[in-house]
Amino acid sequence: MKNEILPIFPLKLVAFPDEQLNLHIFEPRYKQLLADVQNGDGRFGISVYTDKLMPFGSEVVLEEVSKVYDDGRLDIKTRVLRIYELVKFENPYKDRMYAGGEVIFFENDNVLPKNLYAEFLFYLKEFFRLIGEPVKIHPLLVNSFTWTHKIGLTLEEEYELIAMRKEIQRIQFLIKHLVKVIPILREVEKAKTKIQMNGHFKTLDALDF
């Protein structure tokens, strides 16, 4: 696949494909980036920044400028398209104030065994039940990125996820995480139940001494 050049917006977040990402733009260099994006094809890159700029990031497309403030700040809505690897980075890029880079896009392998997918959905539903936020999970519309911001991964773990090029690897990674946290949540649920019972009349079995 041919490499492409994208304007680069480093952020301390991981953007997953198909996610709707709202951004507040206030720095002069990113106002310039947005103006160039609006005059171009609408695409730019969100590169993950932890303690340094990381090689993997996400291509996004501008969908709407929601608000322009009197001082020039902007609220924008974007949609995440696909994952890339940054192979060359320039800051600033040529004569612009912002950074740019040469990227190569992932060829994503979506092959996934049905039994593994069913296991993933089971743990996902159980997780949301335990945190008291049951969600409607449509089996055909959920992938490894759909609910991932909500299941308690660290920034580093989310980054690890987008660096994987196979859906089976990502699903296995998420199952491992859910299997680790669900027992903790179940213990919390038991503790909450005990606390709620305090002060209520209890029916106790007679002890046979």
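The values are calculated or read from the model by the stated rules, or taken from the named source; none is laboratory data. Remember, predicted model here, so these are calculated numbers, not experimental data. Cβ placement follows ideal geometry from the backbone for every residue including glycine, while neighbour counts extend to all protein chains displayed. Each accessible area value is taken on the protein alone, full model and side chains, heavy atoms only, with ligands, DNA and RNA left out. Shrake-Rupley method; radii C 1.70, N 1.55, O 1.52, S 1.80 Å.
Somewhere in the stretch 93-106, is a residue part of a strand (DSSP E or B), open to solvent by 70 Å² or more (accessible area, probe 1.4 Å) and free of Cβ contacts under 8 Å to residues at least 60 places away in the same chain? Full working, then the answer.
Step one: list which residues in the stretch 93-106 are part of a strand (DSSP E or B), which gives 99-105.
Now narrow it down to the ones that are open to solvent by 70 Å² or more (accessible area, probe 1.4 Å): none.
For the stretch 93-106, residues part of a strand (DSSP E or B), open to solvent by 70 Å² or more (accessible area, probe 1.4 Å) and free of Cβ contacts under 8 Å to residues at least 60 places away in the same chain: absent.
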Query raised in the report: Checking D41 against (1) surrounded by 12 or more Cβ atoms within 10 Å (Cβ to Cβ); (2) in a loop (DSSP other than H, G, I, E, B); (3) not hydroxyl-bearing (S, T, Y), which single condition isn't satisfied?
Result: (1)
Requested in this report: Could you tell me whether E160 is open to solvent by 40 Å² or more (accessible area, probe 1.4 Å) and modelled with pLDDT of 95 or more?
Outcome: yes
Requested in this report: Mind listing just one residue for me: the one in the stretch 107-127 that is acidic (D, E) and not in a helix (DSSP H, G or I) and, of those, nearest to N3 (Cα to Cα)?
Outcome: E107
Query - The lone exception for N22 - which of (1) open to solvent by 60 Å² or more (accessible area, probe 1.4 Å); (2) of a type outside the set (D, E, K, R); (3) in contact with a helix residue (DSSP H, G or I) (Cβ under 7 Å, 6 or more places away or on another chain) it fails - result: (3)
Query raised in the report: What tally of residues in the stretch 44-64 results from selecting those that are modelled with pLDDT under 95 and in contact with a helix residue (DSSP H, G or I) (Cβ under 8 Å, 6 or more places away or on another chain)?
Result: 1
Query raised in the report: Among the residues of the stretch 7-21, how many are under 21 Å from L161 (Cβ atoms) and either in a strand (DSSP E or B) or among the small types (G, A, S) (or both)?
Result: 7
**Report entry** Answer residue from the stretch 126-167, given it is in contact with a strand residue (DSSP E or B) (Cβ under 9 Å, 6 or more places away or on another chain) and among the acidic types (D, E) and is farthest from P183 (Cα to Cα) among those
**Finding:** E167
Requested in this report: Could you run through the stretch 192-208 and say how many residues are modelled with pLDDT of 65 or more and either at positive phi or surrounded by 10 or more Cβ atoms within 10 Å (Cβ to Cβ) (or both)?
Outcome: 1
